[in-house]
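Okay, structure first, notes after.
Where a number appears in this text, it was derived from the coordinates with a stated rule and is not lab data. Since this is a predicted model, take the numbers as computed values, not measurements. Note that each Cβ is placed from the backbone with ideal geometry, even for glycine, and that neighbours are counted across all protein chains shown.
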Amino acid sequence: MRISIASDHAAVAFKAALADWLRSEGHEIDDLGTDGEASVDYPDFGYKLAAHLAAGKAERGIAICGSGIGISIAVNRHPEMRCALVSEPLSAALSREHNDANVIALGARLIGIEMAKACVTAFLATPFGGERHARRVGKLGKPPV
């Protein structure tokens, strides 16, 4: 699977470890930055990830910042993105099954790398449940008037 990954400065090492592990699992990784520990603005990288996925350049995305909160908000500003902040595998799986999430957000300062790997594994392995969920997901990009 082709996966795009992006982070702010708080999660550079965490992102690199996840990207290396995903490559070892046979995935193609688009690392959208940042590449250093100099302070950057997480919205820039959330927006970049969202645009990359919306353009069809990857199948799934992983967004990481210190808490995962800020970057998830940035990704979700794009109407085609459904980014779920997760901290354990069940919510990662449910984000796919119920919400057809195409991005997960992780908090590098809040969960360890092994838990992050478990979340990513569940996210990538779980298919969208369709049926009643499809109707609900269809409403996500279309706010009521």
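The charge dipole of the stretch 18-57, taken about the Cα centre with unit charges on the Cβ atoms of Lys, Arg (+1) and Asp, Glu (-1), comes to about 200 debye, rounded to the nearest 20. Qualifying GluC sites (Glu not before Pro) in the stretch 1-64, where qualification requires a DSSP coil assignment and no more than 16 other C-beta atoms within 10 Å, comprise Glu25, Glu37, Glu59.
Computed over neighbours whose Cβ is under 12 Å from that of Glu80, the net charge equals +2, Lys and Arg +1, Asp and Glu -1.
The relative contact order of the stretch 5-145 comes to 23 percent, based on Cα pairs under 8 Å that sit 6 or more residues apart. Compared with the alpha-carbon gap, the fully stretched path from Ala55 to Lys142 is longer by 29.4 nm at 0.36 nm per residue. Rounded to the nearest 20, the size of the Cβ-charge dipole of the chain about its Cα centre is 680 debye, with Lys and Arg at +1 and Asp and Glu at -1. In whole angstrom, the stretch 1-86 maps to an equivalent ellipsoid with semi-axes of 17, 17, 10, each derived as √(5λ) from the alpha carbon gyration tensor and ordered largest first.
Compute the longest continuous run of the chain that contains no exposed trypsin sites (Lys or Arg not before Pro); treat a site as exposed when its DSSP state is not H, G, I, E or B and it has at most 15 other Cβ atoms within 10 Å. No qualifying site falls inside 1-56, the longest such stretch. Overall shape of the chain was characterised from the C-alpha gyration tensor. The equivalent ellipsoid obtained from it has semi-axes of 23, 17, 14 Å, in decreasing order.
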